[in-house]
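Take a look at the structure set out below.
The values are calculated or read from the model by the stated rules, or taken from the named source; none is laboratory data. Please read these numbers as outputs of a predicted model, since none were measured by experiment. Methodologically, a virtual Cβ is constructed for each residue, glycine included, from the backbone with ideal geometry; neighbour enumeration extends over all protein chains shown.
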Amino acid sequence: MYYGYLLNATTVTKGTSTIYIDENKTPLLLPPLGTPVPPVSFDAKTDIINDVNRNDFGLTGGGGLLLPSGKNNNFIIDVRVSRGLTHVQKNTALNGESRTGNFVVSFGYVFGVKK
């Protein structure tokens, strides 16, 4: 089992786009001449700490193999997985549902020490 505490949360957006009023990409028009609204910048760095849960609990586990490779030397293969039990977002109806998690595979070689 694991516990994590979020220290900060920021989302970064970049780019510009025309504002469309429907899925057919009909641009938003300005009256009275009906000219399209100029492209709008979406460059922003937004603090979202109040939109996400600071505490995360989850399960973790895994295992590994030690494969002999000559005198006092070994290959190591290790697999670990973790899965968060709490949602990242506070308001899942508005922001969707996601959880933390990872899958890690490690390979290594151990050199023996002579006495």
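Computed values, structure above
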| item | result |
| --- | --- |
| In region 85-115, residue modelled with the lowest pLDDT [restricted to those that are in a strand (DSSP E or B) and touching a Phe, Trp or Tyr at 6+ places or on another chain (Cβ under 9 Å)] | 110 |
| Out of 107, 42, sole residue that is of a type in the set (Phe, Trp, Tyr) and more than 29 Å from residue 17 (Cα to Cα) | 107 |
| Lone unmet requirement of (1) more than 20 Å from residue 6 (Cα to Cα); (2) touching a residue at least 24 places away in the same chain (Cβ under 8 Å); (3) in contact with a strand residue (DSSP E or B) (Cβ under 8 Å, 6 or more places away or on another chain) for residue 72 | (3) |
| Strands (runs of 3 or more DSSP E) fully within region 5-84 counting 3 or more residues that are surrounded by 10 or more Cβ atoms within 10 Å (Cβ to Cβ) and charged (D, E, K, R) | 74-84 |
